[in-house]
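Each remark here refers to the structure printed beneath this line.
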Amino acid sequence: QSTAYPGVGRPATLKEVAAWDIDVRPDFKGLPAGSGSVAQGQDLWEAKCAHCHGVFGESNEVFSPLIGGTTNDDIKTGNVANLKRADFPGRTTIMKVATVSTLWDYINRAMPWTAPKSLKPDEVYAVTAYLLSLADVVPENFVLSDKNMAEVQKRMPNRNGMTTQHAMWAGKEFNGTAKPDTANVACMKDCIPEAKVASMLPDYARNAHGNLADQNRLVGQQHGANTAVPENK
Amino acid sequence: QSTAYPGVGRPATLKEVAAWDIDVRPDFKGLPAGSGSVAQGQDLWEAKCAHCHGVFGESNEVFSPLIGGTTNDDIKTGNVANLKRADFPGRTTIMKVATVSTLWDYINRAMPWTAPKSLKPDEVYAVTAYLLSLADVVPENFVLSDKNMAEVQKRMPNRNGMTTQHAMWAGKEFNGTAKPDTANVACMKDCIPEAKVASMLPDYARNAHGNLADQNRLVGQQHGANTAVPENK
Amino acid sequence: PMALGQGNPVPTEGGDPNILNLPEHATGLGQGVAANNGYGIPSKFESNVQRRQSPGLTQTTQASVSFAPLQSLFGIVTPSGLHFERHHQGWWDIDPSKHRFMINGMVKTPKVFTMDEIMRLPSVSRFHFIECGANTAVEWGNVAVPTVQYTHGMVSCSEFTGVPLITLLEIAGADFKNAKFILAEGGDGSSMTRTIPMSLILSGEVLVAYGQNGEMLRPENGYPLRLIVPGIQGVSWVKYLRRIEVGDMPYAAKDEAVHYMDLMPDGQHRQYTNIQECKSVVTTPSGGQVLLDKGFYNITGLAWSGRGKVKKVDVSVDGGRNWRQARLETPVLSKALTRFNIDWVWDGKPAIIQSRATDETGFVQPTYKHLRAARGTRSIYHNNAIQSWLVQENGEVKNVQVS
Amino acid sequence: PMALGQGNPVPTEGGDPNILNLPEHATGLGQGVAANNGYGIPSKFESNVQRRQSPGLTQTTQASVSFAPLQSLFGIVTPSGLHFERHHQGWWDIDPSKHRFMINGMVKTPKVFTMDEIMRLPSVSRFHFIECGANTAVEWGNVAVPTVQYTHGMVSCSEFTGVPLITLLEIAGADFKNAKFILAEGGDGSSMTRTIPMSLILSGEVLVAYGQNGEMLRPENGYPLRLIVPGIQGVSWVKYLRRIEVGDMPYAAKDEAVHYMDLMPDGQHRQYTNIQECKSVVTTPSGGQVLLDKGFYNITGLAWSGRGKVKKVDVSVDGGRNWRQARLETPVLSKALTRFNIDWVWDGKPAIIQSRATDETGFVQPTYKHLRAARGTRSIYHNNAIQSWLVQENGEVKNVQVS
Ligand code: HEC
Ligand code: HEC
Ligand SMILES: [Ca+2]
Ligand SMILES: [Ca+2]
Ligand SMILES: [Ca+2]
Ligand SMILES: [Ca+2]
Ligand SMILES: [Ca+2]
Ligand SMILES: [Ca+2]
Ligand SMILES: [Co+2]
Ligand SMILES: [Co+2]
């Protein structure tokens, strides 16, 4: 413990740490005692959450859907099958999240969006239980608590869906690989045959981002294209 | 002439160069033909200049005085004697300027302050003549013109007052010296006897620059001193 | 039609009226010093240079993004007023005299600091880029947006001033032997949390910063305190930083267990992907601009790498067939934007402009082909592919992808 | 009385209310992106950080100065809104599409350029300081002002982007053999003119710039075009640049033949003094501040040299008797500000803080004794003496000069 900086900082009190140390880890360190039922959760959800997320967590009006896209088979395998399908439209929260602690922690710290940190622990258990029940992770008569979170974790649909075997973590903590997964070379001459345009915006989208003439400086080596009028080809 | 940048820039026309190339050098290159008398200058001065600079160029209400502090002896020697006196209060324009072209050029490009470039060449000759007459550089019946500027230059009170023998010009054009005129050394230990405070602001000036508490950020390793109240010593 | 001719021809009266007729500003008295309460603002003629939302991208403005106008920026410093924004629960202007910073977890003594106290500690000032992990996300599959503001505008670069986090951890007596991760937590509604590897902190690079481009952080960027994690995606640069917890396992916070993970074709997500790999983009000419004329142009752009310094940038004007090495502006700094420039004489024919950066580890920025071969098209994050701009015969520049 | 004790003691309720009672920003929804027309501004809590006039220094606001608040700045970049100002006939916001730039004099073909055209040329981006030749002028004889804002606030540092002037002179076919000087001329009312040595231009360092800190120059700093003359006093950095004339003798313009000359004790003026010699100043702690407590402090400040890079900065806390070498923040760039930091534990006794910079030519910043011995006390310009700040027992810091 460094004493090189006299006069700077003071010990935090227990009360202070308790007020701010709210995180819950995947091993449930930090999870407060408490419980809440699916039914209680449904009431809370309808009062405090549904107008943004939809009654079944299906709405994408203010954010992407929370629930949908998982099956009972996923709950068995721990891998959400739809994540393999390139044609599956959208990815819900429950399709992606591997750790139930994440849901609890996040709802506890950040939801409802306009009144974060207003829920009591029992209420967080309850809405979490309700959300999980919508995805059939827990039955409709379930009471979620600190005691059974570890059991619920074992039913998370995408619990086996994560890998840390990649080169994109700046440290060795996960024993990932060090070698990047792309390996372009800095070729300088005749590197490819003629380049062909494979994708560009259709004409009808010309003005979809507003008039680009107004999104460029008045002077410069190039000016902005006037996209309010059709292109002069 | 570089042709490496096709499409960039075009030749300036004679008219364009004439419109902007207004500078007058110490060798009078750039000086347009024309003339103006001290009397004409006095009228112009009183109409367009005096309310800022004073009737005799003596005012320091909007700027430092233009005229004053030179003698007939200075006109002979070309060195303004008062510049040697540490106790002489203030330095006027005429005490400092060595080159009459400077006055003509500057009045022509920048005065009157609120309507720069509004004077015709003859008018610039006239007010310059008037200013010079105030300092007895020219007599009161003088008519200044492009023909006699070189003669007037020979009477400028501080015409010999300049030196380029220093190390503070970033080039060799003036054959100045390369060696700086101060030569501190980076001594690290016991460099001087005890340091004594030789100058500091008097207590009555404490709040002369406004309350310094309001001139520092609200947080920081130091805050601003509340100079609205006397110091708590 | 073809691009225009001489941009500034001589009018028939024998001269440009902008030269022959002296303007008001050459013949009048201007404004005084310290206008606008002593804090200057840009010219009124610069009002097109704004950070902007991408229409239709998000459903709210508080869980949203604004993109920096890269097409109009110079050098490597991003003006703080144009720095890209990414908020999850809106931004706040927090009273710094009431802001506190806490360290807890695997430390001898949990500690509390005021801003006054943090600003007393040994500070460092360093230039670093910050890039959102989702920058260029919409282009994984196809061209989706018209300009570099929308394709690449979630990157910015500032000079940050603050205290190395390691200094603060030392004061608290962190258990450097057993601790492997820290959790960084924000003080706003979202209380953003992110896991940071202890190895990065030990390098001294991670800062608890209050300064940005010479002044305090802007409210939108985390005033009064923000974690600076050079090379790492922006979501880890926790704003309104209120707490650091020292721990021994990752935290699986919402924005590392639901978002900011990269979906692979096999349905697995790469989790804890935090590095921003080497990337570059030409900013002018770029999509949505019009070249007014044939002739000489200065192709310019930005390059960066989360693994260190940019070593070189090559530019192609034929869609990647042939390349020339661009000039890098100095200073070239580690984990900072690097500005490149290269000459180009446009002959009026269609051209496809690309840039390709190589960093000091030897990593070469991938093509879309490389990237999709490794990761498919659905991973959302970390799209660092080579960008292509098509200069058409009519002078208009289009965002394209090439095969 | 003595300085205060612990800045943040534990209240009797067992915790800081700023921690125990969650603030509005932790429990509500904040503001959306791209507020304020897409151009962000500083926190409302930063309103004390302003550029300011020095009371009584000038008689008008348009022929005047505003000083940068160095006491509140970090790093080396000066926020453009706080950049010092020096105007002679007020500032203007000029329509860039109507601005023209002309080259004439000893050239094959006089030329006219639009802004569009200048921005097509090969550009460079570089960090440089700009210092008014009259910075610290009022302190030549005695202490005259209380804070570093007023003593040293006529220096700022930005990343400038523009075209090397030599490129433009080449386009016009300048007679590099016989030309020795150029005249730079502004387009505003004062049409500021200054003589610049051709040797500097040949070095490639002199720029015709439009960019400053990533965006266009601010109107107060010469929008849309300004001459950048690294190492040379600010008055040569002609704003609203409209014309360059190539010539073979100096022009004795008003601001080099009446002002910006250095009066020596013998009554002679040193004319054409343009270099800003090596200089430094501690910015915190500095005059007008109050140390709240004994204990650890980070002494920080700025150093610069018109002759190149800063090599080292030493700091004394005993008025120049003993010195310790400070840490220089990277990058250390030629003719740019360099930020230095050094640890200090204040024991509560009076202390006199000084900094002393040495540049790469080996030049050591002079004391007032050195400087006055060489130039007396009346030369107004180029005061680069070592600055002293007295930290009193009561924590207040005063501007002092020592013997
Ligand atoms: C006023 C609108 C609103 C209300 C009410 C609201 N939410 Fe949200 N919720 C959001 C938004 C917007 C987000 C995305 C925030 C972000 O971008 O990080 C979100 C995110 C979430 C997420 C994370 C989803 C993901 O994939 O990142 C969960 C879980 C959640 N909300 C649950 C709840 C619960 C439980 C409640 C009620 C107790 C609630 N929300 C009330 C708007 C709302
Ligand atoms: C509205 C006020 C005003 C008027 C009218 C005015 N001046 Fe000035 N003059 C100034 C100011 C202010 C300055 C200093 C400008 C600067 O800081 O560069 C100045 C500077 C000068 C200088 C240079 C002095 C020096 O030492 O730098 C001369 C010469 C001068 N004026 C002459 C004239 C003449 C001749 C006229 C009339 C044709 C005139 N002035 C009208 C305000 C005025
Ligand atoms: Ca915890
Ligand atoms: Ca159900
Ligand atoms: Ca042209
Ligand atoms: Ca001329
Ligand atoms: Ca007389
Ligand atoms: Ca203390
Ligand atoms: Co134009
Ligand atoms: Co305070």
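The values are calculated or read from the model by the stated rules, or taken from the named source; none is laboratory data. Being a predicted model, the structure only gives us computed values, none of them experimental. So basically every Cβ, Gly included, is an ideal-geometry build from the backbone, and we count neighbours across all protein chains shown. Keep in mind that these areas ignore ligands, DNA and RNA; they rest on the heavy atoms of the full protein, side chains included. Shrake-Rupley method; radii C 1.70, N 1.55, O 1.52, S 1.80 Å.
Need one value for C:182-188: mean number of C-beta atoms belonging to other chains within 10 Å of its residues' C-beta atoms.
That works out to 4 on average.
Over all residues in D:278-288, what is the mean tally of Cβ atoms on other chains that come within 10 Å of each residue's Cβ?
3
Which residues of the range A:1-15 end up with at least 30 Å² less accessible area in the presence of all protein chains than when their chain stands alone, using a 1.4 Å probe?
Flagged in the range A:1-15: A:GLN1, A:SER2, A:TYR5, A:PRO6, A:GLY7, A:VAL8, A:GLY9, A:ARG10, A:PRO11, A:ALA12, A:THR13, A:LYS15.
With a cut-off of 8 Å between alpha carbons and a minimum separation of six or more residues, what is the relative contact order of the range C:279-400 in percent?
Normalised by residue count, the contact order of the range C:279-400 is 33 percent.
Calculate what fraction, in whole %, of the accessible area of chain C sits on carbon and sulfur atoms when a 1.4 Å probe is rolled over the protein chains.
Exposed carbon and sulfur together represent 53 percent of the surface.
Over chain C, what relative contact order in percent results from Cα pairs under 8 Å that are six or more residues apart?
17
I want to make sure I understand the PRE zone here: with the label point 7 angstrom from the Cα of B:ALA33 toward its beta carbon, which residues in the range B:98-138 have backbone N atoms less than 17 Å away?
Within reach of a label on B:ALA33, which here means backbone N under 17 Å from a point 7 Å along Cα→Cβ, the range B:98-138 contributes B:121-123, B:125.
Run the helix sum for the protein assembly as shown: -39,500 (n - 2.57) per DSSP H stretch of 4+ residues, divided by residue count, reported at 222 nm to the nearest 500 deg cm²/dmol.
Computed ellipticity for the protein assembly as shown at 222 nm equals -4000 deg cm²/dmol.
Put the label 7 Å from Cα along Cα→Cβ for A:ALA178; what are its distances to the other copies, in nanometres, shortest first?
Spacings between copies for this position, smallest first, are 5.0 nm.
Counting alpha carbon pairs within less than 8 Å and at least 6 residues apart, what relative contact order, in whole percent, applies to chain B?
Relative contact order, chain B: 21 percent.
Distances in nm, one decimal, shortest first, from D:GLU393 to the same residue in every other copy, taking the label point 7 angstrom along Cα→Cβ.
8.8
With the dipole of the protein assembly as shown worked out from charges on the C-beta (+1 for Lys and Arg, -1 for Asp and Glu) around the Cα centre, which of B:THR13, C:SER190, A:VAL124 lies farthest toward the positive end?
B:THR13
Quick one: with all protein chains in place, what share of the accessible area of the range A:34-153 is carbon or sulfur, to the nearest percent (1.4 Å probe)?
Carbon with sulfur: 55 percent of the solvent-accessible area.
Calculate one ³J(HN,Hα) per residue across the range A:162-175 by plugging θ = phi - 60° into the Karplus curve 6.51 cos²θ - 1.76 cosθ + 1.60, and present them in order as whole Hz with x for glycine and proline.
In residue order, the calculated couplings are 10, 10, 10, 7, 7, 9, 9, 10, 7, x, 9, 4, 9, 6 Hz.
Under the classification rounded if a/c is under 1.5, otherwise prolate if a/b is larger than b/c and oblate if not, where does the range A:34-153 fall, given a ≥ b ≥ c as square roots of the Cα gyration tensor eigenvalues?
The shape class here is oblate.
Could you identify the residue of B sitting closest to the B-A rotation axis by Cβ and state that distance rounded to whole angstrom?
Result for the axis mapping B onto A: B:ARG217, 17.
Assuming a ≥ b ≥ c are the square roots of the Cα gyration tensor eigenvalues, decide whether the range C:279-400 counts as rounded (a/c under 1.5), prolate (otherwise, with a/b larger than b/c) or oblate.
oblate
Where nothing but the Cβ of Lys and Arg (+1) and of Asp and Glu (-1) is charged, how large is the charge dipole of chain A around its Cα centre, in debye to the nearest 20?
640
Could you tell me which residue in chain D puts its beta carbon nearest the axis mapping D onto C, with the distance rounded to whole Å?
For the rotation taking chain D to chain C, the closest Cβ gives D:PRO331, 2.
At most 13 other Cβ atoms within 10 Å plus a DSSP loop assignment makes a site exposed; report the longest stretch of chain C without any exposed GluC sites (Glu not before Pro).
C:14-392
Could you let me know the centre-to-centre spacing of the range C:221-295 and the range C:317-351, using Cα atoms, in angstrom?
Using only Cα atoms to place each centre, the spacing works out to 24 Å.
Classify chain D as rounded, prolate or oblate from the Cα gyration tensor: take a ≥ b ≥ c as the square roots of its eigenvalues, call it rounded if a/c is under 1.5, otherwise prolate when a/b beats b/c and oblate if not.
It is oblate, given that a/c is not under 1.5 and a/b is not larger than b/c.
Say a label goes 7 Å from Cα toward Cβ at D:ASN178 in every copy; what distances in nm does this one have to the rest, shortest first?
8.5
Hey, can you list the residues from the range D:82-99 whose accessible area shrinks by 50 Å² or more with all protein chains present, relative to the chain by itself (probe 1.4 Å, no ligands or nucleic acids)?
Flagged in the range D:82-99: D:GLN89, D:TRP91, D:TRP92, D:ASP93.
Quick one: 3J(HN,Hα) in Hz for the range B:182-193, Karplus 6.51/-1.76/1.60 with θ = phi - 60°, rounded, Gly and Pro as x.
Once θ is set to phi - 60°, the couplings for the range B:182-193 become 10, 8, 5, 10, 8, 4, 10, 9, 6, 6, 9, x Hz.
Run through the range B:2-70 and list the trypsin sites (Lys or Arg not before Pro) located in a DSSP loop whose Cβ has at most 14 other Cβ atoms within 10 Å.
B:LYS29
Tell me, what is the per residue accessible area of chain B in Å², probe radius 1.4 Å?
With all protein chains present, chain B gives 47 Å² per residue.
For chain B, give me every cysteine whose Cβ has no other Cys Cβ within less than 4.7 Å, ordered by residue number.
Isolated Cys, chain B: B:CYS49, B:CYS52.
Within 10 Å of each Cβ in peptide D:218-224, how many partner chain Cβ atoms are there on average? Round it to a whole number, please.
Neighbouring Cβ atoms belonging to other protein chains average 5 per residue here.
Interface size between chain B and chain D, please: total buried accessible area, 1.4 Å probe, rounded to the nearest 100 Å².
9900
Does any residue of the range B:212-227 lose at least 30 Å² of accessible area with all protein chains in place compared with its chain alone, and if so which ones (probe 1.4 Å)?
In the range B:212-227, residues shielded by partner chains: B:LEU212, B:ASP214, B:GLN215, B:ASN216, B:ARG217, B:LEU218, B:VAL219, B:GLY220, B:GLN221, B:GLN222, B:HIS223, B:ALA225.
Amide H neighbours of C:PHE160 under 5 Å, at least 5 residues apart or on other chains, H built in the peptide plane: list them.
C:ARG126, C:PHE127, C:HIS128, C:ASN213
When ligands, DNA and RNA are left out and all protein chains stay put, how many square angstrom of accessible area per residue does the range D:1-128 have with a 1.4 Å probe?
It amounts to 34 Å² per residue over the range D:1-128.
Summed for both chains, how many Å² of accessible area, to the nearest 100, are buried between D and C with a 1.4 Å probe?
Buried: approximately 8400 Å² between C and D.
So, with +1 on the Cβ of K and R and -1 on the Cβ of D and E, and no other charges, what is the size of the charge dipole of chain C about its Cα centre, to the nearest 20 debye?
So the magnitude is around 1000 debye.
I need the phi-derived Karplus couplings for the range C:120-127: 6.51 cos²θ - 1.76 cosθ + 1.60, θ = phi - 60°, integer Hz, Gly and Pro marked x.
7, 6, x, 10, 10, 10, 8, 8
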